[in-house]
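J.: Here you go, one structure.
The values are calculated or read from the model by the stated rules, or taken from the named source; none is laboratory data. Bear in mind that the values here come from a model prediction, so they are computed numbers and not experimental data. When we count neighbours, we look across all protein chains shown, and the Cβ atoms used for this are built from the backbone with ideal geometry, even at glycine. These area figures cover heavy atoms from the full protein model, side chains too; ligands, DNA and RNA do not enter into them. Shrake-Rupley method; radii C 1.70, N 1.55, O 1.52, S 1.80 Å.
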Amino acid sequence: MKQQSPLQLFVEDLDVTFGSGSTATHALKKLSLSLHHGESLGLVGESGSGKSTLAKVLTGIYGFDSGRAVVAGHELTPGRRKPLKDRRALQMIPQDPYSSLSPRRTAGQTIAEALDPKGADTKKHRATVIEWLERVELPPESADKYPYEFSGGQRQRIAIARALCINPKIIIADEITSALDLSVQAEVLDLLGQLRRELELTMIFISHNLAVVRHVSDRVAVLFHGELMEEGDAEAVFRNPQAEYTRQLLNSVPGRPGFNLRPDRAAA
Amino acid sequence: MTMANEAQAAPTQKKQKRRLHPILLAGLIIMTVVVLIGIFAPMWFSESANVQSNDRRMPISADHPLGTDEFGRDLFSRALVATRLTLLLTVAASAISVVIGVTIGTLVWFMPPRVRQLIVGANSVAVAFPNLVIALIIAAILGPGAWTAAFAVGIASVPAFVRLTVNMSSPIMARDYVTTAHLLRVSKYKLIGRHVLPNMAEPLLILTASNFAVTLVELSGLSFIGLGVQSPDYDYGLLLSDALTMIYAQPTQVIGPAVMIVLAGLGAMLIGDGLAASSNPRTRGQRRAMRTGTLRPAPAAANEQAKEQEAAREAAEDPEDEIDVRVRDLRVTAANGTELVKGIDFDVRRREIVGLVGESGSGKSLTAMTLCGLTPEGVTATAGTLVAAGHNMLEPVSSRELAQDIALVYQDPMSTFNPALKLNTQLTEVARTHLGMRPSRARRKLIERFEQLKITSPEHRIGQHPHELSGGMLQRAMIASSLLAEAKLIVADEPTTALDVTVQAEVLRQFVSATQELDASVLFISHDLGVVEALCDRVLVMYRGEIVEELTAEQLGSRRVEHPYTRKLLDAAEYVEAL
């Protein structure tokens, strides 16, 4: 539906292998994906499917063996292991709310560092910091609080604000709700969905739960053992999955017709 | 105002003023005295310390508290005046070790892996030599002198700081906030200053303080053998060396420098130990009596309590009663007086699967742990009745019986296993130590349970270490071990929260069929109404320490819930899952 907008991310025949010889693991096999401006892609798969590997290749933390990867106009070269010079090309929201914020820095200092990595001056950027805190529905006085004073959900909101405040071209959200309580997950997802519409984010949302992904994605890509199983419109994949593996994935979501735990109840 | 009063006055106030740890206080007082001596002694006593007089080799007297030396100089004054130079040299040497050590220790993380391995390896070799030996070699090469000695001693302590810094910054470098700062293009020096150093400041300060004492002794040693401070300047070491020549004729001459070395060293050591003690929450020294949780009968009216106790005994003794868990008026109170669980009642019948649902902080895990007799540290629990698996938990129960009848499955499989032990060793521990099972029999039974939980190639798996298995496999293994003893009651605290949804469904399915085969009752704790609905016969919804609603699976399935909080949980489940 947004095919006419410019291409922000382009991945073709991407191959990533860890280790060598008999212990080598093929993390990504000939993976091809693309993402247009303002579009959101849900990347779904279980642990070991290669979804986090893809995120780390795109951020430049891991290198790749062969294929092409173009991130916001910057071509990544195979073997390179370094983040892009252009920090506005891509930013990431990490998974674990307890490791994503430095315990010794206030929320304000954390966001100010993103705005200005050299000085990280909280006084100078006070207005912008508070604007972003309000955008993620946190009160302005949170700016002077330390991470231990926040709940897991609130910490993830701060991490979201930190990633979005420099207006990056691509955002990668790596399992950002999986460590949260269900009710908090719903709130954080709701917020992200809302921000996505307001700010026209170009986003890759990674999760192991297909049901979570559909609220914040236009398209869904399902990965299994480093290979693309299925790709398509989010709601369509959710309602009418084509690949057998996608069906399995959906049946393990609590509440789906296929989610049955009690053999004694299956008969009833 | 004491801590206890303060806590009572403002239980919600988070930032409580911390009193200085007594050891730290003692160290700071001693160190302040030594530093003051270092500042003021040269101003007040330099004349009596340095000007020669005819009162040579005087014994201890009112005029000369420690006597005089062969040039008639007052020994007491000399010991005090020497403090300034000694402290300056020690501070300089410590600064060299800390600055160079910490700089190398943090910067290695920005070097290519091979260079890092080379530096860390070379440093490990350097750590193996005693500091003093290295200091002696450097001092011998550079020649005698006060500042070259300080340099030598400082360099000799660098490897210890490099090693500590490398080891401590290693987990910090892997943290998400460091990765994010990296992606935000924060420069490496800023990254070290803002994120790495502040998060390891405490252990660094502790080592610095202890190292100060060691440096002081080493510097005095170099001066003592003539490689350090040279006459006419003097520090503690040189004073000691002067005293040595006359040790038999005038033994009192050693008292001054010896006492001062001990005092300054003790001050630094006590500061180090005090910092270490106050950075460890366990030894912060407040409310010693409250350190482990206690569980006692509710202080109800005597006859009512007796009645409750009677009921508990009946429930415990009567096997036909079909009640595995009976909880009446369970209250859990935190050390600061906040009530975390506010008097809840519930039962679990035999073969029943009961879900306990709520958010983090609702008190569900506290309830479950107290029920198993594992009241967490720092809280007090009281109950009118507390029966678990037929045992009255308010009376002493043997650990053997508890191990036999109650099994626990924890949330995070990665942190509940000991990474150094093979699965067989740790999973059969309860069966071997409490049930007296022979190792071969325990092993056989574990293999059976592994098969039951569909763990692939069980014979091979039990010989593996935890890191060789995936999270789902580990959680199955833990469930398998909890089933070894054929428990009557299984308490599962969010056993699948850390797992992928696909794995969760598989693990739960096998968990249910295994517990049903054992005829065990299950208390299943979760924050996920979707899972609980599919799994449990009955669901208790817990909110802020109270059970706000009790539902049957059928009521939950048809959405007949009353409490607004349950509604909220259901909405969340519908949003995140697909209910």
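J.: From the phi of every residue in segment B:246-252, what ³J(HN,Hα) in whole Hz does the Karplus formula 6.51 cos²θ - 1.76 cosθ + 1.60 yield, where θ is phi - 60° and glycine or proline is x?
T.: Whole-Hz 3J(HN,Hα) from phi for segment B:246-252: 10, 4, 7, 6, 9, x, 5.
J.: Return P(r) of segment A:110-219 (all Cα-Cα pairs; 5 Å bins starting at 0; whole %; ordered from short to long distances).
T.: P(r) for segment A:110-219, in whole percents per bin: 2, 11, 23, 24, 19, 13, 6, 2, 0.
J.: Stokes-Einstein D for segment A:38-187 at 20 °C, 1.002 mPa s, Kirkwood Rh over Cα pairs, in µm²/s?
T.: Using the Kirkwood radius from Cα pairs, D works out to 130 µm²/s.
J.: Cα centroids of segment B:514-579 and segment A:37-107: how far apart, whole angstrom?
T.: 37
J.: Shifting gears a bit: Report the normalised scattering of the protein assembly as shown as log10 I(q)/I(0) at q = 0.06, 0.07, 0.09 Å⁻¹, calculated by the Debye formula with identical scatterers on the alpha carbons.
T.: Debye curve over Cα of the protein assembly as shown, log10 I(q)/I(0) at q = 0.06, 0.07, 0.09 Å⁻¹: -0.55, -0.72, -1.06.
J.: Here's something else I'd like to know. With no solvent and one point on each alpha carbon, what is the Debye value of log10 I(q)/I(0) for segment B:11-159 at q = 0.13, 0.16, 0.22 Å⁻¹?
T.: Debye curve over Cα of segment B:11-159, log10 I(q)/I(0) at q = 0.13, 0.16, 0.22 Å⁻¹: -0.86, -1.02, -1.21.
J.: Could you sort B:478-488, B:443-453 so that the peptide with the highest average Cβ count within 10 Å comes first and the rest follow in order?
T.: In descending order of packing, they fall as B:478-488, B:443-453.
J.: A further question on this structure: Report, by chain and number, residues whose modeled amide H sits under 5 Å from the one on residue B:356, excluding near sequence neighbours (fewer than 5 apart, same chain).
T.: Here B:524, B:525, B:526, B:540 satisfy the definition.
J.: Let me ask you something else. How many times 2.2 N^0.38 Å is the alpha carbon radius of gyration of segment A:96-167?
T.: Taking the Cα Rg and dividing by 2.2 N^0.38 Å, one obtains 0.95.
J.: How many nm separate the modelled label positions at residue B:202 and residue B:434, each set 7 Å beyond the Cα in the direction of the Cβ?
T.: Calculated label separation equals 3.2 nm.
J.: Per Stokes-Einstein, at 37 °C and 0.692 mPa s, what whole-number D in µm² s⁻¹ belongs to segment B:384-489, with the Kirkwood radius over Cα pairs as the hydrodynamic radius?
T.: 229
J.: Give me Rg/Rg_expected for segment B:15-81, where Rg uses Cα atoms only and Rg_expected = 2.2 N^0.38 Å with N residues.
T.: In units of the 2.2 N^0.38 Å rule of thumb, it is 1.61.
J.: Net charge within 12 Å of residue B:468 by Cβ-Cβ distance, Lys/Arg positive one each and Asp/Glu negative one each, not counting residue B:468 itself?
T.: +2
J.: How large is the direction-averaged shadow of the alpha-carbon convex hull of segment B:78-211, in nm²?
T.: Values: hull surface 37.9 nm².
Projected area, direction-averaged: 9.5 nm².
J.: Taking the convex hull of the alpha carbon atoms in segment B:182-223, what volume per residue do you get, in Å³?
T.: Output value, Cα hull per residue: 71 Å³.
J.: Still on this structure: Starting at the first residue of segment A:33-44, write each ³J(HN,Hα) from the Karplus equation 6.51 cos²θ - 1.76 cosθ + 1.60 with θ = phi - 60°, in whole Hz, x for Gly and Pro.
T.: Along segment A:33-44, the couplings run 8, 9, 8, 8, 4, x, 9, 10, 10, x, 10, 10 Hz.
J.: For a 27 Å ceiling on Cα separation, which of these pairs sit above it: A:123/B:190; A:51/A:85; A:30/A:118; A:123/B:568; B:364/B:422; A:118/A:145?
T.: Where the Cα-Cα span goes over 27 Å, the pairs concerned are A:30/A:118; A:123/B:568; B:364/B:422.
J.: Using a 10 Å cut-off around each Cβ of peptide A:46-59, what is the average number of partner chain Cβ atoms that fall inside?
T.: Partner Cβ neighbours, averaged per residue: 2.
J.: Continuing with the same structure: Across segment A:101-113, in residue order, what do the Karplus-derived ³J(HN,Hα) couplings come to in whole Hz, using 6.51 cos²θ - 1.76 cosθ + 1.60 with θ = phi - 60° and x for Gly and Pro?
T.: So the J values, rounded to whole Hz, are 10, 5, x, 9, 10, 6, 4, x, 4, 4, 6, 4, 5.
J.: Oh, and also: Report, for the protein assembly as shown, the % of DSSP beta bridges that are antiparallel, rounded to 5. Let's see the in-between values first.
T.: Numbers: 47 of 86 bridges.
Counting only bridges with both partners in the protein assembly as shown, antiparallel ones make up about 55 percent.
J.: I've got another one for you. List the residues, sorted by chain then number, that are 5 or more residues from residue A:256 or on another chain and whose placed amide H is less than 5 Å from its amide H.
T.: Amide H to amide H, under 5 Å and 5 or more residues apart or across chains, residue A:256 pairs with B:578.
J.: With all protein chains present, how much of the accessible area of chain B (probe radius 1.4 Å) comes from carbon and sulfur, to the nearest whole percent?
T.: On the way: 15560 of 26670 Å².
The C+S portion of the solvent-accessible surface of chain B is 58 percent.
J.: Considering all alpha-carbon pairs of chain B, what whole percent are spaced by more than 38 angstrom? The partial results should precede the final answer.
T.: Numbers: 89893 of 167331 pairs.
It works out to 54 percent of all Cα pairs.
J.: Please give the average number of partner chain Cβ atoms lying within 10 Å of the Cβ of each residue in B:516-523, rounded to a whole number.
T.: So the per-residue partner count for this stretch is 0.
J.: Additional query: Average the reciprocal distances over every distinct pair of alpha-carbons in chain A, invert the result, and give the Kirkwood radius in Å.
T.: Over chain A, the inverse of the mean reciprocal pair distance is 19.5 Å.
J.: Looking only at chain B, where both bridge partners belong to it, what percent of the DSSP beta bridges are antiparallel (to the nearest 5)?
T.: Percentage antiparallel, nearest 5: 55.
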